[in-house]
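Worksheet for the structure shown next.
What follows draws every value from the coordinates through simple rules; no lab data is involved. Computed from a predicted structure; not experimentally measured. No Cβ is skipped: glycine too gets one built from the backbone with ideal geometry, and neighbour counts run over all protein chains shown.
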């Protein structure tokens with residue numbers, strides 16, 4: 001598209017300089033360093049450094065603890081995404097149906113978006129705290145010995161619940177927007193053709209909602225991969241016994257706490273690759289309407 | 001599905017309301033829980049189940065919190081925590097908006113060599129959330145002496161690409177003719193930005209402000225790494241410290257108060273600026 | 001007010017030249033219209049005068065001063081855009097005042113100037129409204145007010161009426177003409193609508209594919225078009241064109257299909273020259289004596305005042321597919337299928353060279 005522009009030569013550089021500078025200093029330079037460090041083996045005091053190529057990667061990828069992380073992350077992401085999206089969709093469908101109170105419901109549904117993931121985790125920890133949490137009575141009533149601080153599965157359950165809870169608002173807002181974008185005439189036509197509400201939903205609404213769902217799936221996955229560090233750190237610290245140690249958490253733990261710098265760097269690089277793939281995927285298939293450049 | 005439409009019976013609408021109310025309860029419950037908890041005494045809290053209604057200790061708890069009790073737990077006063085978190089959140093929100101607008105302005109309304117290269121450079125940073133480059137970025141902070149400073153908390157988070165993309169997209173919808181009319185009227189780059197672009201971007205800026213403020217307020221990993229001294233903690237980090245060092249003496253009622261204080265400001269902002277926020281959120285990501 | 005001169009102005013994008021050397025000297029206060037089909041380069045030409053496009057070659061002078069390198073604001077021009085380009089967040093008053101404020105004009109002086117322009121355009125009651133609260137015609141007037149208030153040397157109009165409905169267009173163009181007369185500012189106006197062009201212009205530039213085909217007064221373009229393009233572009237319904245050659249038993253031309261048209265008073269090119277004969281629908285009437293052309297009516301457009309009979313013409317016809325249009329008085333009883341005997345007004349016959357398209361004979 002022909003774009004009219006100002007003729008100034010120096011001004012644009014001035015305008016774009018801050019962002020470029022910060023990007024260079026805090027993005028590219030560290031990213032390059034991570035890449036470099038992932039190919040080295042250093043001792044924690046930096047006395048000896050050896051170039052080892054892809055050895056760190058090999059070590060990481062065959063490390064059972066890492067594979068455990070992958071599994072934990074996969075389970076965590078899938079369940080969180082599925083749970084939060086399903087609940088959000090159900091609620092969005094209801095909201096789309098009713099006339100009155102839509103604004104009020106929306107206001108009431110928005111809150112979790114404003115809550116820090118870490119705090120979300122803490123809230124659920126409070127509620128299910130084995131000592132004084134009110135809701136701890138529920139699993140006990142079901143005969144379960146409730147102790148998330150010692151039981152890995154229960155810890156996972158708690159963390160998934162907290163993460164899903166937090167994402168419901170976000171998904172809700174997008175599903176509502178997506179539903180509103182579906183032309184009423186399509187639904188009316190199918191109703192005239194004899195389709196009942198359930199059939200209408202599965203044959204018309206759901207398919208037309210696919211772009212939104214797809215988009216949300218990617219966003220939720222990214223969220224589960226990265227933004228949930230806070231939840232895990234705050235609630236379980238990756239435990240008990242690494243049962244909630246996600247990939248990001250492992251990078252932090254190995255790097256900061258255990259000072260395994262090179263392994264952590266290698267893991268960072270692997271994560272980078274995953275993110276790039278996901279983002280590229282998102283932009284290529286989901287944001288096809290948006291044209292860059 | 002349109003209400004009143006063929007197929008939406010009265011019963012169906014009633015079910016709808018029911019489910020929505022249930023949804024709201026699920027969504028609001030944890031927050032309600034912690035708010036109620038902050039108004040009860042420690043003893044009440046330690047004896048489950050927690051009453052569902054606010055209790056009588058509200059004033060006492062909050063008064064306690066603001067007069068130094070929190071300092072005894074976490075080593076830093078709750079006011080200081082709130083100030084820190086506000087500075088970080090505002091710094092990130094305002095900083096990001098200014099920097100991104102400037103970059104988007106340059107990319108859309110000027111021609112300069114390497115223009116598209118710069119755009120891609122910025123765009124690629126989208127793919128590198130801070131969690132992915134923890135160690136090296138931390139090292140940069142140490143090298144630059146930014147540990148335990150506001151700058152250290154704010155700067156690295158200020159330059160991600162989403163806001164730039166949003167503004168770029170929006171600027172591209174400004175008709176060429178508007179731009180040319182302004183030029184014919186005699187407006188240079190600064191005037192055009194101030195008199196025309198800025199007012200037209202107001203809704204976008206409002207929405208972005210909400211999103212970025214929350215983003216800044218809820219930061220966790222980064223403040224965790226970059227602040228060592230308690231006095232520079234954000235309230236979210238301080239909370240976590242309180243929980244992880246919990247022992248038999250932990251005044252849980254005050255921890256609840258801190259939680260409420262950590263939740264309240266962003267929730268208020270979202271609720272008050274709801275309209276812009278929802279619109280902006282849906283537009284931003286799409 | 002000032003004179004405007006274009007001297008062999010050209011525009012190229014890369015290697016492709018899109019405007020091929022246009023020259024014209026516009027007198028002070030003259031209203032010149034640039035007209036042509038989409039893509040002919042008329043807007044590009046206008047924007048070069050405005051300073052919104054770079055000039056690849058040639059000179060543009062405003063008031064005798066070369067402005068090639070000057071920014072729009074330094075050229076003392078004002079422009080009315082096709083989509084009005086009103087600042088959506090500013091009131092009508094602020095829209096009109098914006099350029100003046102930048103120029104440093106303030107206070108009472110500013111208010112007076114805006115008020116004067118608003119009065120001329122009947123906008124005084126709308127000064128506090130925002131553009132979205134205005135109708136298309138009102139927005140149009142605000143756009144003109146914004147230009148008027150600057151009191152420039154040259155007014156530039158870029159298809160300002162294209163987005164209005166037909167009736168509004170007619171009333172607005174008369175307003176524009178009157179306005180221009182009263183303020184006497186040199187104006188360049190771009191449009192693709194040839195009726196608008198003919199109404200408004202003191203002189204017209206007819207453009208086609210980047211070339212200025214003819215620059216002349218409306219009547220001159222109508223009665224003596226320089227080539228087939230201009231002949232077919234100006235005048236509605238368009239001129240009929242029939243292919244033929246000079247010759248025949250009588251002194252005249254032989255049209256495809258064998259018909260002979262005698263042109264005794266015309267200065268003819270040599271016999272055998274391939275020509276295209278042009279005759280406007282309004283210059284064809286029902287023959288009283290020996291007809292020049294006998295045709296069958298294919299369809300009739302009853303317009304009330306006129307009836308347009310679309311007839312079919314066998315043989316190779318230049319311009320349109322075998323069609324020949326006759327404008328008859330409205331009360332004429334004519335229907336599809338009728339056979340018409342037609343005669344031409346010989347004074348209104350145009351002859352063009354078939355190969356070059358240029359005008360040949362003097363009628």
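Applying 1/(1 + (r/R0)^6) with R0 = 56 Å to the Cβ-Cβ distance of residue B:247 and residue B:143 gives a FRET efficiency near 0.90. The GNM of chain C, with springs linking C-alpha atoms under 10 angstrom apart, assigns the highest mean-square fluctuation among C:107, C:272, C:184 to C:107.
Over the range B:123-170, one equal point on each Cα, no solvent: what is log10 I(q)/I(0) by the Debye formula at q = 0.20, 0.29 Å⁻¹? Values, matching the q order: -0.72, -1.08. Here the Gaussian network model covers chain C, with springs between Cα atoms less than 10 Å apart; of C:224, C:312, C:250, C:250 fluctuates the most. Sorted largest first, the spans of the alpha carbon positions of the range B:40-124 along the three principal axes are 68, 27, 19 Å. For the range A:174-248, the spread of Cα positions along the three principal axes, ordered from largest to smallest, is 58, 19, 16 Å. Based on C-alpha pairs under 8 angstrom that are at least 6 apart in sequence, chain B has a relative contact order of 30 percent.
Counting only other chain Cβ atoms within 10 Å of each residue's Cβ, the peptide A:268-277 averages 4.
In units of the rule-of-thumb radius 2.2 N^0.38 Å, the range B:2-71 shows an alpha carbon radius of gyration of 1.77. The fewest-to-most ranking of B:173, B:137, A:244 by surrounding Cβ atoms within 10 Å reads B:173, B:137, A:244. Between residue A:277 and residue A:185, the contour length at 0.36 nm per residue exceeds the Cα-Cα span by 29.3 nm. The mean number of Cβ atoms from other chains found within 10 Å of a Cβ in peptide A:125-134 is 6, as a whole number. P(r) tail, the range C:71-172: Cα-Cα pairs separated by more than 22 Å, 25% of all pairs.
Dividing the mean sequence gap of close Cα pairs (under 8 Å, 6+ apart) by how many residues chain C holds gives a relative contact order of 16 percent. Shielding of peptide C:70-77 by partners, expressed as the average count of other chain Cβ atoms within 10 Å per residue Cβ, is 3. Label-to-label distance, residue B:198 versus residue B:117, with points set 7 angstrom from Cα along the beta-carbon direction: 3.3 nm. Over the range C:145-194, the hull volume per residue, using the convex hull of the C-alpha atoms, is 82 Å³.
Over chain A, dividing the summed -39,500 (n - 2.57) contributions of all DSSP H runs of at least 4 residues by the number of residues returns a 222 nm mean residue ellipticity of -19500 deg cm²/dmol. Measuring how big the range C:4-228 is from its alpha-carbon positions, Rg and Dmax come out at 17.4, 56 Å. Whole-percent P(r), the protein assembly as shown, all Cα pairs, 10 Å bins from 0: 2, 9, 15, 16, 14, 13, 11, 8, 6, 4, 2, 0, 0. The overall shape of chain B, judged from the alpha-carbon gyration tensor, is oblate: a/c is not under 1.5, and a/b is no greater than b/c. Direction-averaged projected area, Cα convex hull, the range C:238-362: 7.4 nm², rounded to one decimal.
Among C:176, B:174, a tally of other beta-carbon atoms within 10 Å of each Cβ gives an order, fewest to most, of B:174, C:176.
Mind listing P(r) for the range A:144-186? All alpha-carbon pairs, 10 Å bins, whole percents. Histogramming the range A:144-186 at 10 Å steps yields 24, 27, 21, 17, 9, 2 percent.
The separation of the range B:95-113 from the range B:120-152, counted between C-alpha centres, amounts to 21 Å.
Comparing B:208, B:254, B:268 in a Gaussian network model of chain B where C-alpha atoms under 10 Å apart are linked, the largest mean-square fluctuation is found at B:268. The distance from the alpha carbon centre of the range C:282-301 to that of the range C:76-151 is 53 Å, rounded to a whole number. In terms of other Cβ atoms within 10 Å, B:120, B:32, A:10 run from fewest to most in the order A:10, B:120, B:32.
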